[in-house]
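The values are calculated or read from the model by the stated rules, or taken from the named source; none is laboratory data. Quick caveat, the model's predicted, so the values are computed rather than measured. Here the Cβ is made from the backbone with ideal geometry for all residues, glycine too, and neighbour counts use every protein chain on show.
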Amino acid sequence: MRNAIAEKGFRRALGLGLAGCLAAAAPAALAKTVHVTFVAKETMVEIDNKGTLYPAWTFDGMIPGKVVRVTEGDVIDFKLINPKENKNSHSIDFHAAEVDVLDEFAPVKPGETKHFRFVARRAGVYMYHCGAPTMAQHIARGMYGIIIVDPKEGYSEQFPKPDREYVLIQGQYFPDAEDKQAMIENRGWAGSLINGKMFHYDPVHDPNASLVLESKPGERVRIHFVNANINMPVALHPIAGIWDRVYINGNPDNVLYDIATYNVAVSEAVSVDIVSPADRPTNNAIVDHTMSAAMRGAITVLMNKPDADPTLGRGEKILLR
Ligand SMILES: [Cu+2]
């Protein structure tokens, strides 16, 4: 059955029924507390495959910051440390949190620490970023990442377990790191960063690229994608393929089928599935079909081959660095 609305209604009814039973049998026994600490670091990072350095602002010295992964219902016990060596205030804005922008998300001065808790109440994939003023600059300089909130029901027919998962986060590279107004007005951007580097996983357009995404023919590959651009949507398309499913905001209930190009708003996160032909090796190029972005770095090669590295797209290797 491929009727999403009917399936959603059925799932909701089933969920309510099960929730009623579980509430009596095992009250909130499964939720756990997950401790997450970010250290704001103003440091040089490489923004391409040949090692060009950029004066970044980061979470933990990396663009993007680390992948946070929890299960729906978990408590996130979060700490943001802003070391006294930094020159700027920083903050955290988890799109998965329902809190107070003036409290939990407030700027943290150098030498100070912010500590708070929130419950990840809704399954899905979400951007996080620094929201300290000027926000455009803090995001453009590299302070963003993804939080994955896995559904507490686990996998299902509507939300099958993928064979591999990858995280791709697209951002914009502004070589003039000081010109905040240019960032706000979208002037002067010279590159599209995929997980922090232009053409990060594209040896076709950049001979210095050493990484590609890999899977075996016929496997279901789920890509968790975040648009961390400052001002531009992303026309997310797998060249030589079709998204088998698109889960808007990564939520199993928000499923679309058979989508060639999905438009990802600024700050939106989405999970998209691709299933390559099982009977032959193939390649896909996952692009922002907006050509100005693709040709500045937003192209990722997915190789579907029998000898795919079994470690890629699993565990820690869902975000390749
Ligand atoms: Cu910041």
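Just need a number here: residues in region 172-187 that are over 15 Å from Ala228 (Cβ atoms) and either in contact with an Asp or Glu (Cβ under 6 Å, 6 or more places away or on another chain) or of a type in the set (Phe, Trp, Tyr) (or both).
Residues of region 172-187 over 15 Å from Ala228 (Cβ atoms): 175-182, 184-185, 187.
Next, from what is left, pick out any that are either in contact with an Asp or Glu (Cβ under 6 Å, 6 or more places away or on another chain) or of a type in the set (Phe, Trp, Tyr) (or both): none.
The qualifying residues number 0.
Against the definition (buried (at least 21 other Cβ atoms within 10 Å of the Cβ) and over 18 Å from Gly196 (Cβ atoms)), how does Gly315 come out, yes or no?
Spelling it out, it is not the case that Gly315 is buried (at least 21 other Cβ atoms within 10 Å of the Cβ) and over 18 Å from Gly196 (Cβ atoms).
Quick check on my filter: what residues within region 236-287 are touching a residue at least 40 places away in the same chain (Cβ under 8 Å), surrounded by fewer than 18 Cβ atoms within 10 Å (Cβ to Cβ) and either among the hydrophobic types (A, V, I, L, M, F, W, C) or in a strand (DSSP E or B) (or both)? Scanning region 236-287 gives Ile239, Ala240, Leu256, Tyr257, Ala278, Thr282, Asn283.
Taking the criterion of being farther than 25 Å from Asp273 by Cβ, of a type in the set (S, T, N, Q) and buried (at least 21 other Cβ atoms within 10 Å of the Cβ), the only residue of region 160-209 that qualifies is Gln172.
Look through region 85-100, keep the residues that are within 15 Å of the ligand (Cβ to nearest atom) and either in a loop (DSSP other than H, G, I, E, B) or on the phi > 0 side of the Ramachandran plot (or both), and return whichever of them is nearest to the chain's Cα centre (by Cα). Lay out the reasoning, then the answer.
First, the residues of region 85-100 that are within 15 Å of the ligand (Cβ to nearest atom): 85-94.
From the residues that got through so far, the ones that are either in a loop (DSSP other than H, G, I, E, B) or on the phi > 0 side of the Ramachandran plot (or both) too are 85-89, 91-92.
Numbers: Glu85: 29, Asn86: 26, Lys87: 27, Asn88: 25, Ser89: 24, Ser91: 18, Ile92: 15 Å.
Per the criteria, the residue is Ile92.
Of note, Val270 satisfies the criterion of being at pLDDT 95 or above and within 22 Å of Ile147 (Cα to Cα).
Of the residues making up region 49-60, those that are free of Cβ contacts under 8 Å to residues at least 40 places away in the same chain and either among the β-branched types (Val, Ile, Thr) or within 13 Å of the ligand (Cβ to nearest atom) (or both) number 2.
Here Gly111 fulfils each of the conditions (1) surrounded by fewer than 17 Cβ atoms within 10 Å (Cβ to Cβ); (2) in contact (Cβ under 8 Å) with a residue 60 or more places away in the chain; (3) not basic (Lys, Arg) apart from (2). Determine if region 187-210 includes at least one residue that is away from the ligand (no atom under 16 Å from the Cβ), touching a Leu at 6+ places or on another chain (Cβ under 8 Å), among the polar types (S, T, N, Q) and part of a loop (DSSP other than H, G, I, E, B). The answer is yes, given that some residue of region 187-210 is away from the ligand (no atom under 16 Å from the Cβ), touching a Leu at 6+ places or on another chain (Cβ under 8 Å), among the polar types (S, T, N, Q) and part of a loop (DSSP other than H, G, I, E, B).
Do you know which residues across region 131-159 are away from the ligand (no atom under 13 Å from the Cβ) and either free of Cβ contacts under 8 Å to residues at least 60 places away in the same chain or closer than 20 Å to Glu316 by Cα (or both)? Can you show your working first?
Of region 131-159, the ones away from the ligand (no atom under 13 Å from the Cβ) are 146-159.
Residues satisfying the conditions are Ile146, Ile147, Ile148, Val149, Asp150, Pro151, Gly154, Tyr155, Glu157.
Summed over region 61-83, residues that are part of a loop (DSSP other than H, G, I, E, B), within 15 Å of the ligand (Cβ to nearest atom) and out of contact with any Ser or Thr (no Cβ under 9 Å at 6 or more places or on another chain) total 2. Taking region 288-303 as the range and being assigned to a loop (DSSP other than H, G, I, E, B) and within 17 Å of Val246 (Cα to Cα) as the test, only His289 passes.
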